[in-house]
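Inspection log for the structure reproduced underneath, given as structure tokens.
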Amino acid sequence: MVELLHTDRLLLRDWSATDAQTALKIYGHDDVSRWLHDLDRIPDAATMHSVLQRWDAERSDMAPGTGRWAVTLRDSGTLVGGISLLPMPVPEADVEISYQLAPEYWGRGYITEVAWALAHWAFQHSLVELFALVAPHNMRAAATARRIGMEWVGESGKYHGTHLQVFRLRPDDLARTHQK
Ligand SMILES: CC(C)(COP(=O)(O)OP(=O)(O)OC[C@H]1O[C@@H](n2cnc3c(N)ncnc32)[C@H](O)[C@@H]1OP(=O)(O)O)[C@@H](O)C(=O)NCCC(=O)NCCS
């Protein structure tokens, strides 16, 4: 298990194909997948296993400061979510932060906590700004973006048939949210 960082309650680590069964509770759940613009709902553990193998294979080619990580509870190791920093579809030079949590863990501040820490890490690794692309009416995702200090900067062009809300984070915005 390769740890990227940890916070008081959470630990970010690389994904493993052995996470498939638990990861399905995240990426196989309608309440999560309906909001994702870059991944269809995963129907079963075998498909989840293939996706995790693909993510593993892609890891070594990813640009510094980008990647996909599993979000786990620090005390028990339980896998609760995923978070990524990936090149945006358009324009490719920008980096998108995206986060997903199994619904049974919503409402505890877990993603606010790790997204803040991951953004801090990204800015230490030469990124100068991050973006989140949030589907219209995805109030929880927008609220999380604002909690870590992101600012709404406009709408994207049509992407998969819809205009996404674009949020931006810069180091000064992050500093204003006063987390550790
Ligand atoms: C987006 C998503 C990760 C947000 O989950 P979340 O648990 O609401 O996220 P946060 O970590 O920001 O938690 C905030 C909630 O925890 C509560 N909370 C409890 N303790 C907290 C703490 N220490 N710090 C902050 N919030 C805390 C907040 O009050 C808030 O709950 P509320 O909305 O019921 O008032 C989740 O809804 C999800 O996976 N959605 C589907 C996928 C998705 O839309 N991804 C985004 C694509 S851009």
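The values are calculated or read from the model by the stated rules, or taken from the named source; none is laboratory data. This is a predicted model, so every value here is computed, not measured. Every residue, glycine among them, receives a Cβ derived from its backbone with ideal geometry; neighbour counts consider all protein chains shown.
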Where residue 51 falls short, out of the listed (1) modelled with pLDDT of 95 or more; (2) farther than 30 Å from residue 136 by Cβ; (3) not aromatic (Phe, Trp, Tyr): (2)
Set 164, 85, 73, 101: member being closer than 23 Å to residue 30 by Cα, hydrophobic (A, V, I, L, M, F, W, C) and in contact with a His (Cβ under 7 Å, 6 or more places away or on another chain): 164
Close pairs (8 angstrom Cβ cut-off, 6 or more residues apart or separate chains): closer than 21 Å to residue 42 by Cα and assigned to a loop (DSSP other than H, G, I, E, B) in segment 96-115, at pLDDT 95 or above and within 6 Å of the ligand (Cβ to nearest atom) anywhere: 102/32; 106/140
State whether the residues of segment 115-123 include one that is within 8 Å of the ligand (Cβ to nearest atom) and touching a strand residue (DSSP E or B) at 6+ places or on another chain (Cβ under 8 Å). yes
When segment 90-105 is checked residue by residue, the ones that are surrounded by 16 or more Cβ atoms within 10 Å (Cβ to Cβ) and not acidic (Asp, Glu) are 95, 97, 98, 99, 100, 101, 102, 105
Could you identify the single residue in 86, 39 that is within 13 Å of the ligand (Cβ to nearest atom), exposed (fewer than 15 other Cβ atoms within 10 Å of the Cβ), within 16 Å of the chain's Cα centre (by Cα) and among the aliphatic types (A, V, I, L, M)? 39
